[in-house]
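As structure tokens, the structure follows; a few thoughts come after it.
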Amino acid sequence: MALFVMSCSNNSPIYYKSQDITITRLDKINGEAETHFFYGYYDGKSRPYPKSFIKVTYHGFDASMSGYLIFLLNNKVQVVKGSGSFEKIGNDSTLIIKQFMVNGSFDNGLYIKWYDSIKGNYRNVVYFQDVDTTGEKANNIRNHSDVKAVYVGSLSIKQEYKPAPTTK
């Protein structure tokens, strides 16, 4: 019998950078299926812990977390929900959850229209997902994201992903 275990490293940050903005991502907060996104640089160890962030939870056997970060020209970043439960903690107006709502309900048609508008040309958008950063990187390369991602492992080894320049 063979047993395979796959897990994210606890509190190893991922940094997403575009323009002069950095978004920090910390996975597996307190050993749970939980991710936090912070506006700005945070190493996951220093104190105090940021008061404002986006919290994503994804519990259950086949639960997952995914979405997109949109880096706007006004120095704000929108988080587009994919899978997982997204919640805004604190009142920082620079990191916000983008809603595709009509009359108080999620409108899948608006989401599809938005996604179709960026498909193949992410530019200022970066896709994120839990566990499999290989899939995350491949998706961002395939769709020409200009956002730089820095993956910091448990041994403090940085793996940088910078997409190839887009050709027109």
*Taking only C-alpha pairs under 8 Å that are 6+ residues apart, what is the relative contact order of the range 14-161 in percent?*
21
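On full extension of the chain, what length is gained from ALA63 through SER85, given 0.36 nm per residue of separation minus the C-alpha to C-alpha distance? Each step should come with its number before you reach the end.
Values: separation 22, 0.36 × 22 = 7.92 nm, distance 1.02 nm.
The span from ALA63 to SER85 would gain 6.9 nm if fully extended.
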*Lysine-lysine proximity count for the range 14-161, Cα under 12 Å, sequence distance 8 or more or distinct chains*: 9
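Sorted from fewest to most neighbouring beta carbons within 10 Å, what does the list HIS59, HIS36, HIS144 look like?
On the way: HIS59 10, HIS36 20, HIS144 17.
With the fewest neighbours first, HIS59, HIS36, HIS144 line up as HIS59, HIS144, HIS36.
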*Between ILE96 and TRP114, what length in nm is gained on full extension when 0.36 nm per residue of separation is reduced by their alpha carbon distance?*
4.8 nm
*For LYS55 paired with ILE141, estimate the spin-label separation in nm (one decimal), with each label point 7 Å from Cα along the Cα-to-Cβ line.*
3.6
*ARG142, ARG25, ARG123 arranged by Cβ crowding within 10 Å, fewest neighbours leading*: ARG142, ARG123, ARG25
_Kirkwood Rh (inverse of mean 1/r, distinct Cα pairs), the range 14-161, angstrom_ = 15.8
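For ASP132 and ASN30, compute 0.36 nm times the residue count separating them, minus their Cα-Cα distance, and round to one decimal in nm. Before the final figure, lay out the partial values.
Values: separation 102, 0.36 × 102 = 36.72 nm, distance 1.95 nm.
Extra length available between ASP132 and ASN30 comes to 34.8 nm.
The numbers here are math on the coordinates, done by the rules we state, and not lab data. Bear in mind the structure is a predicted one, so any value in this text is a computation, not a measurement. FYI the Cβ positions are ideal-geometry reconstructions off the backbone, even for glycines, and counts take in every protein chain you see.
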